[in-house]
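See structure below.
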Amino acid sequence: MNKDEIEKALYDVFFDSAIVRHGFASFLRDYDVLIEINGRQFLFRFTHCVSAVIKTSVGEAAWKESWDDVFTNEESYDRAGRPHGYFWGINYSIAYPGAKLLTDSTHARDWSTRLGKQMWEVRIETNAHNIDLIFHDLRINEVLESSS
């Protein structure tokens, strides 16, 4: 995809979606972000990912009050009376404000020079984590339920 196509995909599809899983593909070259929006799932594959930096976007106070494992499982959380804190067990994060292509990225320019290929940087901001990726291309596929 070119710059305009990547930006359009990030804005049109990714914005305000639910991220249900993210991490490197099993073959470890590409970084996958599985989103759900309006009952449909899409796999955003950031190919040739040379850098992935994930940092929390949850504040220090929320971390402190949500440290116990009770915040990781809905059944345990309910049994504990739904205590105040950040409930990790929701099992997704909201892509808000979402994903943005950083068109003036010095990191992407540096990798482009080093590899001789166009590289891009994207920042994905959510209510749980912020994800910065340096990658070459973006592929998007709808994930259809298997008929097993």
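Just so you know, all these numbers are worked out from the coordinates, no wet-lab data involved. Bear in mind the structure is a predicted one, so any value in this text is a computation, not a measurement. Note: ideal-geometry Cβ built from the backbone for every residue, glycine included; neighbour counts use all protein chains shown.
Based on alpha-carbon positions alone, could you give the equivalent ellipsoid semi-axes of region 1-57 from the gyration tensor, as √(5λ), descending, whole Å?
That gives 18, 15, 12 Å for the three semi-axes.
Once R0 is set to 30 Å, what does the formula 1/(1 + (r/R0)^6) return for the Cβ-Cβ distance between E142 and E60, expressed as a FRET efficiency to the nearest 0.05? Could the numbers behind the result be given before it?
Details: r = 38 Å, r/R0 = 1.27.
The formula returns an efficiency of 0.20 here.
For K64, go through the lysines and keep the ones whose alpha-carbon is under 19 Å away, minus same-chain ones fewer than eight residues off.
K55
Once you keep just the Cα pairs under 8 angstrom separated by 6 or more residues, what percentage relative contact order results for the chain?
On the way: 284 pairs, mean separation 44.4, N = 148.
Once normalised by length, the contact order is 30 percent.
For a quick check, take a GNM of the chain with Cα springs below 10 Å and name the residue from F14, F71, F27 with the largest mean-square fluctuation.
Between F14, F71, F27, it is F27 that shows the largest mean-square fluctuation.
So, counting K/R as plus one and D/E as minus one, what does the shell of residues with Cβ under 11 Å around P83 add up to?
Details: positive: R79, R82; negative: E65, D68, D78.
Neighbour charge sum, excluding P83 itself: -1.
Any number yet on Rg/Rh for the chain, C-alpha, Kirkwood? Provide the component values of the computation, followed by the final result.
On the way: Rg = 17.1 Å, Rh = 16.6 Å.
Here Rg/Rh amounts to 1.03.
Between N38, N91, N73, which gets the highest mean-square fluctuation from a Gaussian network model of the chain, Cα cutoff 10 Å?
Largest GNM mean-square fluctuation: N38.
When the helices in the chain are scored as -39500 (n - 2.57) per DSSP H run of 4 or longer and the sum is shared across all residues, what 222 nm value do you end up with, to the nearest 500 deg cm²/dmol? Numbers along the way, then the final one.
On the way: 4 runs with 29 residues, N = 148.
Value at 222 nm, helices only: -5000 deg cm²/dmol.
For q = 0.29 Å⁻¹, what log10 I(q)/I(0) does region 89-131 give under the Debye formula with an equal point scatterer on each alpha carbon and no solvent?
So the normalised log intensities are -0.92.
Under 14 Å from a point placed 7 Å out from the Cα of A52 along the Cα-to-Cβ direction: which residues of region 114-130 have their backbone N that close?
Under 14 Å, as judged by backbone N against the label point of A52, lie 122, 124, 130 of region 114-130.
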